[in-house]
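The values are calculated or read from the model by the stated rules, or taken from the named source; none is laboratory data. What you see is a predicted model; the values in this text were computed from it and never measured. Glycine also receives a Cβ, built like all others from the backbone with ideal geometry; neighbour counts cover every protein chain displayed.
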Amino acid sequence: MLPWGMDMDKIMSGRSMIRNRAIVPAFKAAGMIESFGTGIKKMQRLCVESGSPHPEIKEDGIDFIVTFFREQVKERTKNGTAETSVPDVVGMTGTESRVYAMICGEPTMTIKNISTSSGVSERSVKRALSSLTEKGFITRMGSDRSGKWVCK
């Protein structure tokens, strides 16, 4: 939680407060602390520089939570000619993200095509598709043979 007397407005403006006065001098002498009150601004700057959105910063009275969002992921379509940019959504595993990018680029892909193109086993592709469906990232329209995936 935030130190007594601090709130999110003060934190976001760059104010800081030392929690442990015994450790700070040692960390400062060791060069582990450059300056005080610069961490959040530095996180925001680094996110912008990497093409990622600003982190979400919340405090709920007990916890101080910083959530980072991944940058854009580049995936090639199955024929390798076009590039599709699909956000790597927080809450997806690496395999789920790869499968999601592929079916968003070509919604009629079969499990076998996804497996062959991605190098992921058909069983893992099925698990990823099931998980993505459960999480609400995708839905299936039509039959298994002639249907297509709809990305949300």
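Against the criterion of being of a type outside the set (S, T, N, Q) and farther than 29 Å from Phe68 by Cβ, Lys152 does not qualify. For region 126-138, filtered to residues that are of a type in the set (Lys, Arg) and modelled with pLDDT of 90 or more, the residue that is farthest from Trp149 (Cα to Cα) is Arg127. Here is the figure for region 34-45: residues that are in a loop (DSSP other than H, G, I, E, B), out of contact with any Gly (no Cβ under 6 Å at 6 or more places or on another chain) and either surrounded by 11 or more Cβ atoms within 10 Å (Cβ to Cβ) or among the small types (Gly, Ala, Ser) (or both) total 3. Whenever a residue of region 46-65 is surrounded by fewer than 13 Cβ atoms within 10 Å (Cβ to Cβ) and part of a strand (DSSP E or B), its partners that are of a type in the set (S, T, N, Q) and at pLDDT 75 or above, lying with C-beta atoms within less than 7 angstrom and at least six residues away or across chains, give the pairs Glu56/Thr67.
Considering region 121-130, and only residues there that are in contact with a helix residue (DSSP H, G or I) (Cβ under 6 Å, 6 or more places away or on another chain) and within 11 Å of Thr93 (Cβ to Cβ), the residue that is surrounded by the most Cβ atoms within 10 Å (Cβ to Cβ) turns out to be Ala128.
Note on region 25-43: residues that are at pLDDT 80 or above and closer than 24 Å to Ile62 by Cβ amount to 3. Here Val86 qualifies as touching a Phe, Trp or Tyr at 6+ places or on another chain (Cβ under 8 Å), at pLDDT below 75 and under 30 Å from Met109 (Cβ atoms). Between Thr77, Thr67, the distinction of being modelled with pLDDT of 80 or more and hydroxyl-bearing (Ser, Thr, Tyr) belongs to Thr67 only. Taken as a whole, the structure places Arg123 among residues that are more than 14 Å from Lys152 (Cα to Cα) and either at pLDDT 90 or above or among the acidic types (Asp, Glu) (or both).
Of everything in region 105-120 that is assigned to a helix (DSSP H, G or I) and touching a helix residue (DSSP H, G or I) at 6+ places or on another chain (Cβ under 6 Å), the residue that is farthest from Gly147 (Cα to Cα) is Ser118.
Each residue in region 12-33 was checked for being under 19 Å from Val66 (Cβ atoms) and either assigned to a loop (DSSP other than H, G, I, E, B) or not assigned by TED's automatic domain parsing to the domain that holds Pro55 (or both), and 7 of them qualify.
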